[in-house]
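Each remark here refers to the structure printed beneath this line.
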Amino acid sequence: MWQRIKNIFSKREKDYVELDNQERLSIIEKSCKQVSRGVFYSTVIIITSFLPIFLLEGQEGKLFHPLAYTKTFIMIIDAILVVTLAPVLISFFMKGKFKPEQSNPINRFLEKVYEPVIRACMKYRKTTIGINILALVVSIPMLFSLGKEFIPPLDEQSILFMPVTLPDVSNSEIKRILQVQDKIIKSVPEVEQVLGKAGRANTATDNSPLSMIETIIMLKPKSEWREGMTKKKIIEELDSKLQIPGVVNGWTQPIINRINMLATGIRTDVGIKVYGQRLDSIQLVSERAQQVLKSIDGVKDLYVEPVTGGSYLEIDIKRDQLSRYGLSVDDVNMTIETALGGAVISNTIEGRQRFGIQVRLAEDYRNSIDRLKRIPLNTNDAGIIPLESVADINFVDGPPMITSDNAILRGAVMFNVRDRDIGTTVQDAIDKINAELKLPNGYFLEWSGQYEQLISGQRTLMMIAPIVLVIIFLSLYFAFKSIREAFLSLITIPFALIGGAFLVYFYGINLSVAVAVGFIALFGIAVETGVVMVIYLNDAMQQLVAKKGNSAETISPEEIKEYVIHGAAKRLRPKIMTVCVSLFGLTPVLWSTGVGSDVMLPIVLPMIGGVLTSSTHILLVTPLIFLMTKEYELKKFGKLEVLDVKH
């Protein structure tokens, strides 16, 4: 019994290796040299992959530049610390009893599962590569079948109700409509506060006509909503209750509405700007476009910006009658200005402000054309005469507001997009407009709103993406000093696309600038993991050459295979750790529910799905391609190309 206990303790004592300080530091130095160059260039690649984000402009640039700057500065410091501070810290903390990797039960389990799988992949090479290529081929049309939008709509926790009435609505009528709407909105249980205004604020930057209403709806916390209610259902319920004759409803959010109006001049998601030389022709073209757009799925809150329909009081002076009464045009104009507009007779001072005191006719004497005709005029010869004796007074139609872009008259057809993505909806609208709408000579259309920004963002990303891939390839070449090894690491990028495409597709996320940012970040992570695998595979080749020599006479294909498996399986832990760090850092976003989570989810989904498939490709396919490459080198050149991964 005593001998058995003694044997057990003697076995435990052999489960670790004791190293003197000099040998320990030597091993640490060698290990750091082995991976430092690859990790350094991997960091450079991640920084490079974020270059397209810096070239984004406008709204998308403002949104994603902070992310790009933050990650870039972090990675620059990380690249410096990898080759300076990290080896020092390792020398401080890696002390004591060093146990082999086999002593770790998790590592033993992973190797036990992984080694038979990698051997099967190397046995059935065509099947393994074929499955990967098939998955890639399937993911590409899946990705292109997704809808398109500029940026995922951020839930602002509030609603902006923007109805539009007829352009000649009176002040009293618009007040009545506004009060009725506010009462109806407040009757919905989820609404906490309502604040509406009609017309423009007292500022030169707000050119809203009196016919446009802006109502901000503040919602209660979601915990107080009725069961099963969503923001979409609240808007649908409000829209059904607010069907008022002569009023066209419009639903958006306060912040995004201001951004759209400042950036494009369109207050809805999408707008068609109609340019021409005559306002009546612009109105006619806009109404025809409205009729075409009505049948398109996803088009909501369709509205034509009125360029005609305003009512104006026109007073036309009879110049041939003025001489009969000894009057001049200025005499008549001064009387009209004083009676209707008011004349400043004095000023009042209240604190630091001055206000003009105006005098004009009371409303009872100027609220109809008949009374305006009886406004008295003093003459030298005929005494007091009515205004109608020297002027014709009528109401005439005219433009409620004249809008121009680049000195060209403009109208607009505006609509929001709901229950469908903007990209597909607008593309259907463009096709139908081009097929059914014929424009007069000298008139043209321009698509604006978020679609304009979507096209601008896509153009920027498509222009810079090839340049980034070239820079990544050059970085890999400088890391390995081999075009073949650089290509072996770069090939992980398209296979990283597989998981990202599948996850985005099954979550029902539309393609947007946010999704593009997620894929850009994914490519850097995928290349980093691939670099780690290639480093250890080359290290295994060095061990083989050191033991057998570098010649086809001393090395057999079977030995190359065993050493490749050794390089892939025996160094499994650092590769799994590289993948897990990315996954553990990104996965919590899937369960986040706060403000901004609807923008973060499209960024994170491609990264999570891509990390899973790229790591699978790196663990199974990269060693296979590496093995096939080495077998080809041995057969053609009679020796292996062994890279120095230690210096």
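The equivalent ellipsoid of the range 29-86 has semi-axes of 30, 10, 5 Å, largest first, where each one is the square root of 5 times an eigenvalue of the Cα gyration tensor. Across every pair of non-identical alpha carbons in the range 315-457, the mean reciprocal distance, once inverted, gives a Kirkwood radius of 21.1 Å. Just so you know, the Cα atoms of the chain work out to an Rg and Dmax of 37.2, 143 Å.
Evaluated over the range 215-335, the count of Lys pairs having alpha-carbon atoms less than 24 Å apart is 20 (only pairs 8 or more residues apart or interchain). Cα centroids of the range 452-470 and the range 238-263: 32 Å apart. Working from the Cα coordinates of the range 388-532, the gyration tensor eigenvalues give, after taking √(5λ), semi-axes of 53, 18, 13 Å in decreasing order. Computing FRET efficiency as 1/(1 + (r/R0)^6) for Arg258 and Ile393, where r is the C-beta to C-beta distance and R0 is 60 Å, gives about 0.90. For Lys547, the aspartates and glutamates whose Cα falls under 18 Å of its own Cα, not counting residues fewer than eight places away in the same chain, are Asp539, Glu558, Glu559, Glu562, Glu631, Glu641, Asp644.
Of the peptides 155-168, 172-185, the ranking by mean beta-carbon count within 10 Å, highest at the top, reads 155-168, 172-185. Counting 0.36 nm for each residue step from Glu287 to Ile455 and taking away their Cα separation leaves a gain of 57.9 nm. Residues of the range 335-353 with the amide nitrogen closer than 12 Å to a label point 7 Å from the Cα of Asn171, along Cα-to-Cβ, please. In the range 335-353, the label zone of Asn171 (backbone N under 12 Å from the point 7 Å along Cα→Cβ) covers 341.
Just going by the charge dipole of the range 211-344, with Lys and Arg at +1 and Asp and Glu at -1 on Cβ, which of Ile216, Gln283, Ile296 is farthest out on the positive end? Highest projection toward the positive end goes to Ile296.
Return the tail of the calculated pair distribution for the range 205-271, meaning the percent of Cα-Cα pairs more than 20 Å apart. I get 41 percent for the Cα pairs in the range 205-271 exceeding 20 Å. With coordinates expressed along the principal axes, the C-alpha atoms belonging to the range 290-377 extend over 65, 50, 23 Å, beginning with the largest. I want to make sure I understand the PRE zone here: with the label point 7 angstrom from the Cα of Ala407 toward its beta carbon, which residues in the range 256-279 have backbone N atoms less than 18 Å away? Only 275-278 fall inside the zone, counting backbone N under 18 Å. Computed over the range 534-629, the P(r) curve from all C-alpha pair distances, binned at 5 Å from the origin, holds 2, 12, 19, 16, 12, 10, 8, 7, 6, 4, 2, 1, 0, 0 percent per bin. Computed from phi, the 3J(HN,Hα) profile of the range 483-490 under the Karplus parametrisation 6.51, -1.76, 1.60 (θ = phi - 60°) reads 5, 5, 5, 5, 5, 4, 6, 6 Hz, with x in place of Gly and Pro.
For the chain, a simple Cβ point-charge model (Lys and Arg +1, Asp and Glu -1, everything else neutral) yields a dipole of about 3560 debye relative to the Cα centre. If you plug the beta carbon distance of Asp419 and Ile369 into 1/(1 + (r/R0)^6) with R0 = 35 Å, you get a FRET efficiency near 0.15. Site pair Val83 and Ala362 shows an inter-label distance of 9.1 nm when each label is modelled 7 Å from Cα along Cα→Cβ.
Charges on Cβ only, +1 for Lys and Arg, -1 for Asp and Glu, centred on the Cα centroid of the chain; of Ala201, Ser311, Gln253, which one is farthest towards the dipole's positive end? The listed residue farthest towards the positive side: Gln253.
Between Ala201 and Tyr632, full extension at 0.36 nm per residue minus the direct alpha carbon distance yields a gain of 147.6 nm. What the phi angles of the range 547-560 give under the Karplus curve with 6.51, -1.76 and 1.60, with θ = phi - 60°, is a coupling list of 8, 10, x, 9, 7, 5, 6, 9, 10, 9, x, 5, 5, 4 Hz, glycine and proline written as x.
Ranked by the mean number of other Cβ atoms within 10 Å of their residues, highest first, the peptides 444-452, 409-417 fall in the order 409-417, 444-452. The packing ranking, built from the mean of other Cβ atoms within 10 Å per residue, places the peptides 145-152, 547-554, 627-634 in the order 145-152, 627-634, 547-554, highest first. P(r) for the range 39-147, from all Cα pairs and a bin width of 5 Å, is 2, 9, 9, 8, 10, 14, 16, 14, 11, 6, 2, 0 %, short bins first.
For Leu136 and Ala546, the difference between the fully extended length at 0.36 nm per residue and the C-alpha to C-alpha distance is 143.8 nm. Shown is the FRET efficiency for Val589 and Glu115, computed with R0 = 45 Å from the Cβ-Cβ distance and rounded to the nearest 0.05: 0.85. Translational diffusion coefficient of the range 105-194 (Stokes-Einstein, Kirkwood radius from Cα pairs, 37 °C, 0.692 mPa s): 159 µm²/s. Label-to-label distance, Lys183 versus Phe487, with points set 7 angstrom from Cα along the beta-carbon direction: 7.7 nm.
Each reported figure results from applying straightforward, stated rules to the coordinates on display, with no laboratory input. Keep in mind it's a predicted model, so treat the numbers as computed, not measured. Glycine gets a Cβ as well: all are built from the backbone with ideal geometry, and neighbour counts include every protein chain shown.
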